[in-house]
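Structure first, commentary second.
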Amino acid sequence: MANPNESQTAPFPAAAEAALLKGNKIEAIKIVREERGVDLKGAKDIVEQHVAAHPGLQMQIDSAQAASRQGFLPWLMAVIIIAGLVYYFVAGK
């Protein structure tokens with residue numbers, strides 16, 4: 001395991017930053033954990049400290065997550081409608 005003090009002063013991994021910008025905080029934690037050799041809680045703390053230190057980043061994360069949810073909703077509705085139609089034609093007869 002890496003020294004916790006070293007992991008706090010090391011630069012934040014670019015891949016983790018990219019994951020955060022896509023709204024994927026879990027992926028950022030995984031990347032920090034792998035690159036810095038810290039445990040799960042340590043990686044989560046590092047990511048949260050990085051986000052807290054960069055206020056605009058949290059807004060970008062929220063925006064990316066909202067856009068992701070908006071893209072998911074039409075697909076979910078389509079699946080529900082198709083499932084309803086299949087049920088109607090198969091079970092209705």
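Here are the numbers for this structure:
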| item | result |
| --- | --- |
| All positions within region 36-93 that are farther than 28 Å from LEU21 by Cβ, surrounded by 10 or more Cβ atoms within 10 Å (Cβ to Cβ) and of a type in the set (Phe, Trp, Tyr) | TYR87, TYR88 |
| Residue count, region 8-65 (criterion: modelled with pLDDT of 90 or more, part of a loop (DSSP other than H, G, I, E, B) and out of contact with any Asp or Glu (no Cβ under 6 Å at 6 or more places or on another chain)) | 5 |
| Whichever residue in region 21-56 is among the charged types (D, E, K, R) and under 25 Å from ALA67 (Cα atoms) and, among such residues, is nearest to the chain's Cα centre (by Cα) | LYS25 |
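The values are calculated or read from the model by the stated rules, or taken from the named source; none is laboratory data. Nothing here was measured: the structure is a model prediction, and the numbers come from that model. Note that each Cβ is placed from the backbone with ideal geometry, even for glycine, and that neighbours are counted across all protein chains shown.
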